[in-house]
Amino acid sequence: MSKEDKKDAKEKIILGIDPGTNVMGYGLILIEGKKYSLLQFGVIHLKKYVGHELKLKKIFERVTGIIDEFHPDTVALEAPFYGENVQSMLKLGRAQGVAMAAALARDIPITEYSPKKVKQSVTGNGNASKIQVAEMLKTLLKIEEIPKLLDATDALAVALCHHFHDGRLQTRGRTEGWKSFLEDNPNRVKSPK
């Protein structure tokens, strides 16, 4: 579908990405008003490539290819979670950065969501398992069969989370600065000794 066709139909396409260094999930949903439907989802296999630099190159090429084929209006990414292994976190952050760069190279806006926010948005439970997320997506997007690699459904969940939040990160309470934070959280303030 070309950009002109989408504008005429007032449709929007969201590309969700679940960054990874061995398997990267992607999912595309079509938004028509308040309705949403599945366009495409899958994974990019990266384990076969030797060297982190080559994996990053392949991520850029494949994400750019998906963007050029589907012309998404926005890209939503799952932010890396914090883990114990610093090297893994560094590699995952690079993979996410390259996916972001592919979107930005095509002037497509990006939004990040925490894994907990994605799970909460799709299942109502921020601690849901990957299979619970996949089962909910099976119902919401009318997926016939859950894929073996759940990175694909994780990416769809990110896209759907973005739709549910309409690109706005949700915050609790007022956002009027430190004064309102201190008023709302008096038990979190420690007096100097």
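The values are calculated or read from the model by the stated rules, or taken from the named source; none is laboratory data. Predicted, not measured: the structure shown is a model, and the values here were computed from it. For neighbour counting, all protein chains shown are included, and Cβ atoms are generated from backbone atoms with ideal geometry for every residue, glycine included. Side chains are part of the model used for accessible areas, which takes the heavy atoms of the whole protein and leaves out ligands, DNA and RNA. Shrake-Rupley method; radii C 1.70, N 1.55, O 1.52, S 1.80 Å.
If the requirement is being out of contact with any helix residue (DSSP H, G or I) (no Cβ under 7 Å at 6 or more places or on another chain), assigned to a helix (DSSP H, G or I) and buried (at least 19 other Cβ atoms within 10 Å of the Cβ), which of these qualifies: Ala103, Ala155, Ala99?
Only one candidate qualifies: Ala155.
Can you work out which of the residues in region 106-125 that are touching a residue at least 24 places away in the same chain (Cβ under 8 Å) and part of a loop (DSSP other than H, G, I, E, B) is most open to solvent (accessible area, probe 1.4 Å)?
For region 106-125, the residue satisfying everything is Arg106.
Report, by residue number, each residue of region 52-71 that is closer than 15 Å to Gly25 by Cβ and open to solvent by less than 20 Å² (accessible area, probe 1.4 Å).
Ile59, Val63, Ile66, listed by residue number.
Kindly evaluate Ser88 against the criterion of being small (Gly, Ala, Ser) and open to solvent by 40 Å² or more (accessible area, probe 1.4 Å). Give the steps one after another, and end with the answer.
On the way: small (Gly, Ala, Ser): yes; open to solvent by 40 Å² or more (accessible area, probe 1.4 Å): yes.
So Ser88 fits the description; yes.
Contact list please: Cβ distance under 6 Å, first residue in region 70-90 and more than 15 Å from Ala105 (Cα to Cα), second residue small (Gly, Ala, Ser) and assigned to a loop (DSSP other than H, G, I, E, B), pairs at least six apart or on different chains.
Short answer, once both residue conditions are applied: Ala79/Ser114; Met89/Gly83.
If we scan region 73-84, do we find a residue that is part of a helix (DSSP H, G or I), under 16 Å from the mean Cα position of the chain (by Cα) and not basic (Lys, Arg)? Spell out the reasoning first.
Filtering region 73-84 down to residues part of a helix (DSSP H, G or I) leaves none.
No, the conditions are met nowhere in region 73-84.
Which residue, of Leu28, Leu92, is at pLDDT 95 or above and either touching a strand residue (DSSP E or B) at 6+ places or on another chain (Cβ under 8 Å) or not small (Gly, Ala, Ser) (or both)?
After applying the criteria, what remains is Leu28.
Would you check which residues across region 126-145 are aliphatic (A, V, I, L, M) and surrounded by 14 or more Cβ atoms within 10 Å (Cβ to Cβ) and list them?
Listed by number, the residues that qualify are Ala128, Val133, Ala134, Met136, Leu137, Leu140, Leu141, Ile143.
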